[in-house]
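Scroll down for the structure; my scribbles are underneath it.
The values are calculated or read from the model by the stated rules, or taken from the named source; none is laboratory data. Owing to the predicted nature of the structure, the values given are computational and were not obtained by experimental measurement. Don't worry about glycine lacking a Cβ; one is built from the backbone with ideal geometry, like all the others, and counts go over all protein chains shown.
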Amino acid sequence: MKDRKPQSSSKEHVSLGVRISSFIQNLGLVKKLQRWGRAYSPWPVQFGLGCCMAEGAAAMACRFDTERFGILPLFGPRQTDVLMISGVVTKKMLPRLIRIYEQMPDPKYVICFGQCPSSGGLFWDSYSMVFPIEKYIPVDVFVPGCPPKPEDLVRGFLLLEEKIRRGETEWDKRHKRDTK
């Protein structure tokens, strides 16, 4: 009988597949297509802690029709890629916010809307307020206002889409992706 070569293990095949997949994803055209797809389908989850949450819900309603931009609001963090933070983030709520952020799949983006998470708002000198929020979670877009109009939130999503298309989000910066 002829000497047979030992069969390679399935781990070698998996690692080869992973290497090929990562090589293909690092090609310029494929990266542009991925960013294009991500930019036109942001799925947000809302972490509403205050009065701005009502404006965020109004922005997702039929009057402003955010689905024409590909924005599909969901209620679970494990299927979403955009976290919308509104209202006063307190020391007690911060661990829950971080947990929701960590449950989201990569890539993940964050929009803060309203004065409270952005600059403190009315409660800037409160003993229990966490400020600034970007010390704990990387924020891509801030939408000012107390409360911001639904049109402003839609504009914030359009700014986020533009950042995703250009590859200039905080997630891209943290993972040092080649954005060209």
For region 43-71, pairs from a residue that is more than 23 Å from residue 128 (Cβ to Cβ) to a residue that is hydrophobic (A, V, I, L, M, F, W, C) and in a helix (DSSP H, G or I), with Cβ under 6 Å and 6 or more apart or across chains, are 59/153; 59/154; 64/154; 71/157
Just checking, which of 133, 137 is under 11 Å from the mean Cα position of the chain (by Cα), over 12 Å from residue 44 (Cα atoms) and in contact (Cβ under 8 Å) with a residue 24 or more places away in the chain?
137
Any residue that is more than 20 Å from residue 167 (Cα to Cα), under 17 Å from the mean Cα position of the chain (by Cα) and buried (at least 19 other Cβ atoms within 10 Å of the Cβ) - is there at least one of those in region 48-55?
no
Selection over region 155-180 where residues are modelled with pLDDT under 85 and either of a type in the set (S, T, N, Q) or surrounded by fewer than 15 Cβ atoms within 10 Å (Cβ to Cβ) (or both) yields a count of 10
Of the residues 140, 152, which is at pLDDT 85 or above, among the charged types (D, E, K, R) and crowded, with 21+ Cβ neighbours inside 10 Å?
140
Tell me which residues, restricted to region 131-170, are hydrophobic (A, V, I, L, M, F, W, C) and under 19 Å from residue 28 (Cβ atoms).
164
Residue match in region 102-116 (condition: surrounded by 21 or more Cβ atoms within 10 Å (Cβ to Cβ), farther than 26 Å from residue 172 by Cβ, in contact (Cβ under 8 Å) with a residue 60 or more places away in the chain and not hydroxyl-bearing (Ser, Thr, Tyr)):
yes
